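The structure appears below as structure tokens.
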2 protein chains.
Amino acid sequence: MTDRQPDKDPRIGKRDDNAVQFPRLRCVALCGGVGGAKLAVGLEAQLSPANLTVITNTGDDFTHLGLHISPDLDTVMYSLAGLANRETGWGRDGESWRFMSALAALGGEDWFQLGDLDLATHIERSRRLAAGESLSAITQALAGRLGVRPAIVPMCDAPVRTIVDTPDGPLAFQHYFVRDKCARPVTGFRFAGADTAQPASSARAALADPALDAIIICPSNPFVSIDPILAVPGMREAIARAHAPVIAVSPIVRGQAIKGPTAKMMRELGVPGEAVAIADHYGDLLDGFILDAADRALADRIEDRGLACLVTDTVMTGQEEKVELARAVLQFVQQLQQKAT
Amino acid sequence: MTDRQPDKDPRIGKRDDNAVQFPRLRCVALCGGVGGAKLAVGLEAQLSPANLTVITNTGDDFTHLGLHISPDLDTVMYSLAGLANRETGWGRDGESWRFMSALAALGGEDWFQLGDLDLATHIERSRRLAAGESLSAITQALAGRLGVRPAIVPMCDAPVRTIVDTPDGPLAFQHYFVRDKCARPVTGFRFAGADTAQPASSARAALADPALDAIIICPSNPFVSIDPILAVPGMREAIARAHAPVIAVSPIVRGQAIKGPTAKMMRELGVPGEAVAIADHYGDLLDGFILDAADRALADRIEDRGLACLVTDTVMTGQEEKVELARAVLQFVQQLQQKAT
């Protein structure tokens, strides 16, 4: 899920390979849009590029104006390419909106903003999908063109669509999220098409890699960013079977989401609005949980659940914080590995 | 056919309805891209808007990047909306190319230039076609949005595609014209799909209108702009049956085309490279033919063919020349009407 609020991040230059502090660790990150992409950027700075696979939510994908749009894949791709728009939190840096204004003048649908640069991604992806290429292959090709080095992998190649249930009936995710600005209370979520989907083969391969050191659930919305990934048949089992600890970073700090409607959804679903509820949400999938320093008081309750707990600063306001959080996560991974041996 | 060479036209402001000099004449124009669109603009200045129907070539249409592109419909629409790009001769005034550069960076096909503003037309048209609307209905809606008042009508709603035969084999029209810049000699033309197409219903209605005063074949390329229109079954008959004289304006002046490959095609096809050959090309469809003043010496040969002949300035370098040519054409129509009564 890609939120549409501003990111205060100053633009940082090229990656410095000499600064990689965990050149041997091999990780899979599960993520949605903005929050997850930020941690992916931090992890990319700390790992060898070949050692990071980012399995990304595609439940937000939809067809709009005849184009296949993959909001989270794009946010992750633009973020890892250093091209993300920090003002909007979605789309590309230095974007322009001439197409959009011409479309509005023609009476076209303009509730979903598509920038002139961003449009190239949607048109090229749609063209290649129509030509029979898989979403995985297209994502790899486009990301490669933009200089992205970690593997960005859609959770699956088949279409899975998040449906938001509300008291007024079901809504397609982007209608709920962008068009209606999360106005309606949610009563639940469904992932249409998930029952017949299967994990993208490179997602499966990354999770089955015996050399894998960690699976990191990024601080993304559990309901509409991570749950769609886990809803793909075989994904949860592949994660549970992996020879690596599974660690989640809480997207909730002091009972609030850093971005987006996570806390609002928790209230509406009757889930306690605190980080512990996120740990409970993922349940026995987890080996470790990372709390923000502001939620230090919750650490005992995390450990009571049999989980290793790390307390650290998790709010990623800039590049430095992303890299710092990634470092803390990876040190936590190493601690868990030492404990296990 | 929409040529891609510059137009020296100064931009002219809004239409002045008081300047309409032939408020009662009702005309159908047949046209392709740039040259035809210029005369259409002139006719629009001289006629009541409801009295002009522009039947436009769609043999140039093609699917590119998954989008339905109608180059001639767009040139006519942008010209009549006062939005045409005079620098390029195609596309929109004040255009930008950010989508195109982003697409090239992603490795997409960039031989056919699509501006950021222009793209809105293609995306909205493609979306509506996919939703089941006819090309006629979409053209009417988009042109209406842009403030166009005459009726712009595609020759047919079904796809007809001009194929250019060359010694190296057949080429799709835009591959011949834009991608390969007319490099190959032509040996002939075919209009794939024409055999099962039928004239758009509003084209049929305009031609069958008993109050119709003239059918004007604009100075467009006869082979790839007008012939596709005439290749639609029933179109030639509807023109011949109409209660109105058919007048062609020569696209050839001093043996040269004002724009585009007409003269080159005539040489390659072994057709004499002069205006008379255009009259012969349309044959008994014509009642009158308009020669440029520079070709005054050919007038006798036109009249020898039993055609009324007008000699006037036909080169439309600016708005004034478009309006002047339209005035001359419409006076010629009135002369033919008087002769007939």
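For this structure, a couple of remarks:
- Considering only residues in the stretch B:122-142 that are over 23 Å from B:Gly89 (Cα atoms) and basic (Lys, Arg), the one that is nearest to the other protein chains (Cβ to nearest Cβ) turns out to be B:Arg127.
- The conditions of being hydrophobic (A, V, I, L, M, F, W, C), in contact (Cβ under 8 Å) with a residue 60 or more places away in the chain, crowded, with 24+ Cβ neighbours inside 10 Å and within 14 Å of chain A (Cβ to nearest Cβ) are not met by B:Leu39.
- Failed item in (1) over 18 Å from B:Gly115 (Cβ atoms); (2) in contact (Cβ under 8 Å) with a residue 24 or more places away in the chain; (3) within 10 Å of chain B (Cβ to nearest Cβ), with A:Arg86 passing the rest: (3)
- So A:Gly66, is it in contact (Cβ under 8 Å) with a residue 24 or more places away in the chain and surrounded by fewer than 23 Cβ atoms within 10 Å (Cβ to Cβ): yes
Rundown of residues vs (1) without any contact (Cβ under 8 Å) to a residue 60 or more places away in the chain; (2) buried (at least 16 other Cβ atoms within 10 Å of the Cβ); (3) within 18 Å of B:Thr58 (Cα to Cα); (4) under 16 Å from the mean Cα position of the chain (by Cα), yes/no style:
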residue	(1), (2), (3), (4)
B:Gly147	no, no, no, no
B:Pro154	no, yes, yes, yes
B:Asp157	yes, yes, yes, no
B:Arg161	no, yes, yes, yes
B:Val164	no, yes, yes, no
B:Pro167	yes, no, no, no
B:Phe173	no, yes, yes, yes
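- Some residue of the stretch B:333-341 being within 27 Å of B:Ala211 (Cα to Cα), of a type in the set (Ser, Thr, Tyr) and modelled with pLDDT of 95 or more: no
- Selection count, the stretch B:89-121, where residues are more than 7 Å from chain A (Cβ to nearest Cβ), in contact (Cβ under 8 Å) with a residue 12 or more places away in the chain and in contact with an Asp or Glu (Cβ under 8 Å, 6 or more places away or on another chain): 9
- For the stretch A:86-100, the set of residues classified as surrounded by fewer than 20 Cβ atoms within 10 Å (Cβ to Cβ) and within 17 Å of the chain's Cα centre (by Cα) consists of A:Arg86, A:Thr88, listed by residue number.
- Only a single criterion out of (1) under 30 Å from B:Ala205 (Cβ atoms); (2) within 13 Å of chain A (Cβ to nearest Cβ); (3) in contact with a Ser or Thr (Cβ under 9 Å, 6 or more places away or on another chain); (4) of a type in the set (D, E, K, R) is not satisfied by B:Arg145, namely (3).
- Pairs meeting the criteria (first residue in the stretch B:128-140 and on the phi < 0 side of the Ramachandran plot, second residue part of a helix (DSSP H, G or I) and of a type in the set (A, V, I, L, M, F, W, C), beta carbons under 6 Å, at least 6 apart or on different chains) are B:Arg128/B:Ile138; B:Thr139/B:Leu73.
- Criterion violated by A:Ala81 - all others in (1) surrounded by fewer than 24 Cβ atoms within 10 Å (Cβ to Cβ); (2) within 10 Å of another protein chain (Cβ to nearest Cβ); (3) of a type in the set (A, V, I, L, M, F, W, C); (4) farther than 15 Å from A:Phe62 by Cβ satisfied: (2)
- Selection count, the stretch A:101-117, where residues are surrounded by fewer than 23 Cβ atoms within 10 Å (Cβ to Cβ) and farther than 23 Å from B:Leu146 by Cβ: 0
- Scanning the stretch A:72-115 for residues that are closer than 22 Å to A:Cys31 by Cα and charged (D, E, K, R) gives A:Asp72, A:Asp74, A:Arg86, A:Glu87, A:Arg92, A:Asp93.
The values are calculated or read from the model by the stated rules, or taken from the named source; none is laboratory data. Note that this is a predicted model, so its numbers are computed, not measured. Note that each Cβ is placed from the backbone with ideal geometry, even for glycine, and that neighbours are counted across all protein chains shown.
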